[in-house]
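To keep things clear, I will list the structure first and then write my remarks on it.
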């Protein structure tokens, strides 16, 4: 990932959470300089590719499907605010694992990569909260943020197999 894009992702992540060592180790993710060229769009806001969803790649689709399958069956218990601490921590571990997988195997280029990293920043923040490490945020808030990140993926990325989560 170009240094400007990395700086953006880190700035977003640092406003909500401390960057984990596992993410710092994978931050060497590289792509072309086109990723940091925003073509007039707000660098801090998700947006479509001229009205169309961004292309996805197989590693991204695999990781997002795994996160959805981990979260979906827990949603009723999360809504009732009855999910156990160890379950939040397992969900956070899954987020961290899948984020690292996405970064390590990403084949996206340019602005699609930059847009993905905005979603990754939200996923990282959600994991941090679910681990009980986000100041003034309950673990449940992290799970809710995870739902939002996954639904943003469904909105902004072309993945016919991915269904947004009802909440």
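The values are calculated or read from the model by the stated rules, or taken from the named source; none is laboratory data. Source: prediction; values computed, not measured. Cβ: placed from backbone, ideal geometry, glycine included. Neighbour counts: every protein chain shown.
Would you check if there is a residue in region 103-125 being surrounded by fewer than 19 Cβ atoms within 10 Å (Cβ to Cβ) and modelled with pLDDT of 95 or more? Yes: one or more hits.
Note on region 68-114: residues that are in contact with a strand residue (DSSP E or B) (Cβ under 6 Å, 6 or more places away or on another chain) and assigned to a loop (DSSP other than H, G, I, E, B) total 0.
Output the residue which, of all residues in region 115-160 that are assigned to a loop (DSSP other than H, G, I, E, B), free of Cβ contacts under 8 Å to residues at least 60 places away in the same chain and in contact with a helix residue (DSSP H, G or I) (Cβ under 8 Å, 6 or more places away or on another chain), is nearest to residue 75 (Cα to Cα). Checking each candidate, the answer is 138. Which one of 136, 96, 152 is more than 23 Å from residue 47 (Cα to Cα) and under 13 Å from the mean Cα position of the chain (by Cα)? Criteria check complete, one pass: 96.
Does residue 89 count as surrounded by fewer than 22 Cβ atoms within 10 Å (Cβ to Cβ) and either over 15 Å from residue 78 (Cβ atoms) or at pLDDT below 95 (or both)? So residue 89 fails the test. Within region 35-42, can one find any residue that is touching a helix residue (DSSP H, G or I) at 6+ places or on another chain (Cβ under 8 Å), modelled with pLDDT of 95 or more, outside any loop (DSSP other than H, G, I, E, B) and crowded, with 21+ Cβ neighbours inside 10 Å? Looking through region 35-42, none of the residues is touching a helix residue (DSSP H, G or I) at 6+ places or on another chain (Cβ under 8 Å), modelled with pLDDT of 95 or more, outside any loop (DSSP other than H, G, I, E, B) and crowded, with 21+ Cβ neighbours inside 10 Å. A search for C-beta distances below 8 Å between a residue of region 57-79 that is without any contact (Cβ under 8 Å) to a residue 40 or more places away in the chain and any residue that is outside any helix (DSSP H, G or I) and surrounded by 17 or more Cβ atoms within 10 Å (Cβ to Cβ), counting only pairs 6+ apart in sequence or on different chains, returns 77/83.
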